[in-house]
Amino acid sequence: MPRRRRPHGPPPRLPAPRRIETGPDGYDYEVRPVPAARAVKTYRCPGCDHEIRPGTAHLVVFPADMGEGAVDDRRHWHTPCWTHRATRGPTRKWS
């Protein structure tokens with residue numbers, strides 16, 4: 001009896017575990033890591049107002065109560081900026 005061939009390639013990706021954190025405003029946010037290999041666009045971090053360049057690992061954060069419907073409300077943060085969000089104020093000064 002011939003052996004069955006196993007498919008080559010990476011195994012199917014499992015969904016990332018749900019990570020919920022409370023922001024300094026008291027609301028719950030879902031936080032998802034974005035690995036450097038999957039970061040292909042430039043974003044602006046709301047914590048420091050600097051660019052998150054392609055190839056930089058970072059976090060995507062959106063309101064937890066809206067689920068997948070929060071696409072318009074998601075924000076891309078540098079990991080340290082999100083970690084220290086409670087101790088920093090707004091960086092952009094509008095004149």
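Read-outs throughout are calculated quantities, based only on the coordinates presented, and are distinct from any laboratory measurement. Nothing here was measured: the structure is a model prediction, and the numbers come from that model. Positions of Cβ are generated from backbone atoms using ideal geometry, with glycine treated the same way; all protein chains shown enter the neighbour counts.
Out of everything in the stretch 37-76 that is outside any strand (DSSP E or B) and of a type in the set (Val, Ile, Thr), what residue ends up being surrounded by the most Cβ atoms within 10 Å (Cβ to Cβ)?
Per the criteria, the residue is 56.
Just to be sure, is residue 32 within 12 Å of residue 79 (Cβ to Cβ), of a type in the set (D, E, K, R) and either exposed (fewer than 11 other Cβ atoms within 10 Å of the Cβ) or free of Cβ contacts under 8 Å to residues at least 40 places away in the same chain (or both)?
Yes; evaluated as a whole, the condition is true for this residue.
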